[in-house]
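No lab work stands behind these numbers, since they all come straight from the coordinates. All figures in this text were calculated on a predicted structure; none of them were measured in a lab. Cβ atoms come from the backbone with ideal geometry, glycine included; neighbour counts cover every protein chain shown.
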Amino acid sequence: MGLKILCSGHLIRYPVGGFSWHHLQYLVGFRRLGHEVVYFENYGWPDSCYDTRRHVMTADPAYGLGYFHELLQHCATPIASCYLAEDGSAHGVSREELTGTAATATFTST
């Protein structure tokens, strides 16, 4: 495989159309070019997740996580990911795996 690339963005916290495609194109493009891609996102601030079903900002990343995984399924592109939530939980790969990836990544993209 090519480079190990660590990408970050706002796909889980702000799951809306054009904004999503802006970030997703990098993930899918790097992966299709043969690179190992890991996506991570940190909650950033309290109630930073937008739930488009309820039109509210919340600490619960459930809607955004589902949206993100559905996007990846549509693109048929397996990408490891980690969302670090406001409550301290890690969704996807563990904090330890994310730390290892950050330490060994050849390239980072935000």
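What's the center-to-center distance, using Cα atoms, between the stretch 62-106 and the stretch 1-60 in Å? For the stretch 62-106 versus the stretch 1-60, the Cα centre distance is 9 Å. Summing Lys and Arg as +1 and Asp and Glu as -1 over all other residues whose Cβ lies under 15 Å from the Cβ of Y43 gives a net charge of -4.
Scattering from the stretch 13-71 was approximated by placing one identical point on each alpha carbon and applying the Debye formula without solvent; log10 I(q)/I(0) at 0.13, 0.24, 0.26 1/Å stands at -0.37, -1.02, -1.13. Annotation for D51 and S89: the two label points, set 7 Å from Cα along the Cα-Cβ direction, are 1.3 nm apart. Backbone N atoms of the stretch 9-43 closer than 17 Å to the 7 Å Cα→Cβ label point of T106 belong to residues 27-39.
The Cβ shell under 14 Å around Y83 holds other residues with a net charge of -3, Lys and Arg each +1, Asp and Glu each -1. Using the Cα centre of the chain as origin and beta-carbon charges of +1 (Lys, Arg) and -1 (Asp, Glu), tell me which of A85, W21, T52 is placed farthest towards the positive end of the dipole. My answer, from the dipole projection, is W21.
Each Lys and Arg adds +1 at its Cβ and each Asp and Glu adds -1 at its Cβ; summed about the Cα centre, the chain shows a dipole of about 360 debye.
Its Cα gyration tensor gives the stretch 41-110 an equivalent ellipsoid; the semi-axes, largest first and in whole Å, are 22, 17, 10.
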